[in-house]
1. Which residues, counting only those in segment 53-82, are under 16 Å from residue 12 (Cβ atoms) and without any contact (Cβ under 8 Å) to a residue 40 or more places away in the chain?
2. Here are the criteria: (1) surrounded by 13 or more Cβ atoms within 10 Å (Cβ to Cβ); (2) of a type in the set (Asp, Glu); (3) not in a helix (DSSP H, G or I). Tell me which single one residue 8 does not satisfy.
3. Go through segment 33-49 and report how many residues are surrounded by fewer than 16 Cβ atoms within 10 Å (Cβ to Cβ) and more than 10 Å from the ligand (Cβ to nearest atom).
4. Would you call residue 68 within 12 Å of the chain's Cα centre (by Cα), within 15 Å of the ligand (Cβ to nearest atom) and in a helix (DSSP H, G or I)?
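Bear in mind these aren't lab numbers, they're just calculated from the coordinates by the rules spelled out. Quantities reported herein were computed from a predicted structural model and do not represent experimental measurements. Here the Cβ positions follow ideal geometry from the backbone for every residue, glycine too, while neighbour counts run over all protein chains shown.
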Amino acid sequence: MGNQCNQDSYNDMLGAIQSFHNKHDFKGTGGEDLPYRVALMAEELGEISSAVTKGKSTDQLAEECADLMILVMGTAIAADFDLKESFWKKMDKLMKRKSKMINGKIRVSEFRDVN
Ligand SMILES: [Mg+2]
């Protein structure tokens with residue numbers, strides 16, 4: 001961390017979030033409780049939405065996206081899974097999926113129940 005932090009490194013980002021959790025003892029104080037984290041993520045998603053719908057600056061949108069990203073990465077710590085591995089697995093799946101235009105917007109999905 002600190003002056004040895006590589007800002008491009010996923011592991012260093014995760015380490016910074018782990019330090020944040022440690023600083024406030026999230027593990028011992030409910031901060032890693034999954035239902036609570038889901039509520040916090042929903043809250044941040046709402047802030048992203050209002051940044052867009054209220055025409056706030058890109059800087060404000062970026063800050064709200066960072067809030068959500070920090071929560072998502074922290075949820076990987078809280079629930080003990082490897083988000084980087086999940087990310088690349090999912091990207092591989094997504095890249096193999098087909099897209100469709102639905103109501104004028106592109107959708108990439110498995111389209112299991114749709115004709
Ligand atoms: Mg926020």
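1. Within segment 53-82, 66, 69, 82 meet the criteria.
2. (1)
3. Summing the residues that are surrounded by fewer than 16 Cβ atoms within 10 Å (Cβ to Cβ) and more than 10 Å from the ligand (Cβ to nearest atom) in segment 33-49 gives 8.
4. For residue 68, the condition - within 12 Å of the chain's Cα centre (by Cα), within 15 Å of the ligand (Cβ to nearest atom) and in a helix (DSSP H, G or I) - is met.
Yes/no matrix, rows are residues, columns are (1) touching a His at 6+ places or on another chain (Cβ under 8 Å); (2) outside any helix (DSSP H, G or I):
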{"residue": "32", "(1), (2)": "yes, yes"}
{"residue": "63", "(1), (2)": "no, no"}
{"residue": "76", "(1), (2)": "no, no"}
{"residue": "90", "(1), (2)": "no, no"}
{"residue": "101", "(1), (2)": "no, yes"}
